[in-house]
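As structure tokens, the structure follows; a few thoughts come after it.
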Amino acid sequence: MWRCCLRTPEQVLWGSGRGGHYYGGPAFAFAAGAVDDLAVALLEPTEAWLPALPAEYTRRNIATSTLGAARRLTRPAFVKPPTDKSFPAAVYADGSRLPDESGLSPETPVQISDVVSWVAEFRLFVLDGEVRTGSQYATFGRLDAAPLEGHHHRDAALEFAGRFFADCAHTLPSAAVVDIGLLATPENGATEEWAVVEANMAWFSTCYASDPDRALDVVLRSAGPRAQVAERDRPFRRERGL
């Protein structure tokens, strides 16, 4: 079980005083000063990470753009914030259907990708390029949590993850959450193939049916004392809120 001190509905803090750990949203971390109070460094993938991956691992077109440009789309597309949850990540029929979030600038970064069908999606908690635990979290876009251990896709998922992290672990912080999935691609003459869905900060990710103790190892590294951040993780430190 995760042991923590729950101070408000918006935050969970480990430890007391400076040099602790954090689990919760970025808005509270910065607006309420939790990050500075604890002297915590929050690690996360870069906003350009997913579009920069080799096509063999994404299997779809993904572009970095702005919210203003996305609002001018005249076709269906999957639109999401690169890392934050500032508006719902979803398939939008066109740009006019994007939420009217008055607090967001037209220059807010977004990712725009092809509309695809995921047969099954899995969340992996990764530490130093190794999958520590994982869970299925959706099938055909619907919430459907199940442990990776014992799952009929376990071996195939880990085989794909092994190849991916062997090539790309260096592009991520040492502690991160990576979602992968089984992509339906009938147009390519194949029934389905594995691809990366996205990467997330472990300190703001649901573990679904993953082993919570193994997931916690990743969370603690992803949001721990600033003084203990390794040199290789410094480029992945988050410096701002929403």
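Points to keep in mind about this one:
- Residue that is farthest from Gly181 (Cα to Cα), among those in the range 132-146 that are touching a strand residue (DSSP E or B) at 6+ places or on another chain (Cβ under 6 Å) and not small (Gly, Ala, Ser): Arg132
- One residue alone among Arg97, Arg18, Arg72 is over 23 Å from Gly181 (Cα atoms), modelled with pLDDT under 90 and among the basic types (Lys, Arg), and that residue is Arg18.
- Against the test of being acidic (Asp, Glu) and modelled with pLDDT under 85, the options Glu10, Glu47 yield a single qualifying residue, Glu10.
- For the range 169-185, the count of residues that are free of Cβ contacts under 8 Å to residues at least 24 places away in the same chain and either in a strand (DSSP E or B) or more than 18 Å from the chain's Cα centre (by Cα) (or both) is zero.
Yes/no per residue for (1) under 30 Å from Glu193 (Cα atoms); (2) in contact (Cβ under 8 Å) with a residue 24 or more places away in the chain; (3) outside the structural domain of Glu192 (by TED's automatic domain parsing); (4) part of a loop (DSSP other than H, G, I, E, B):
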{"position": "Ala27", "(1), (2), (3), (4)": "no, yes, yes, no"}
{"position": "Phe30", "(1), (2), (3), (4)": "no, yes, yes, no"}
{"position": "Asp37", "(1), (2), (3), (4)": "no, no, yes, no"}
{"position": "Leu42", "(1), (2), (3), (4)": "no, yes, yes, no"}
{"position": "Gly68", "(1), (2), (3), (4)": "no, yes, yes, no"}
{"position": "Thr74", "(1), (2), (3), (4)": "yes, no, yes, yes"}
{"position": "Val79", "(1), (2), (3), (4)": "yes, yes, yes, no"}
{"position": "Pro82", "(1), (2), (3), (4)": "yes, yes, yes, yes"}
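- The single condition from (1) modelled with pLDDT of 95 or more; (2) surrounded by 16 or more Cβ atoms within 10 Å (Cβ to Cβ); (3) of a type in the set (Gly, Ala, Ser) that Ser86 fails is (1).
- Scope the range 133-158; condition surrounded by fewer than 20 Cβ atoms within 10 Å (Cβ to Cβ), part of a strand (DSSP E or B) and not aliphatic (A, V, I, L, M); matching residues: Thr139, Arg142, Asp144, Pro147
- Scanning the range 44-56 for residues that are surrounded by 15 or more Cβ atoms within 10 Å (Cβ to Cβ) and not in a loop (DSSP other than H, G, I, E, B) turns up Trp49, Leu50, Pro51.
The values are calculated or read from the model by the stated rules, or taken from the named source; none is laboratory data. This one's a predicted model, so the numbers in the text were calculated from it and none came from an experiment. So basically every Cβ, Gly included, is an ideal-geometry build from the backbone, and we count neighbours across all protein chains shown.
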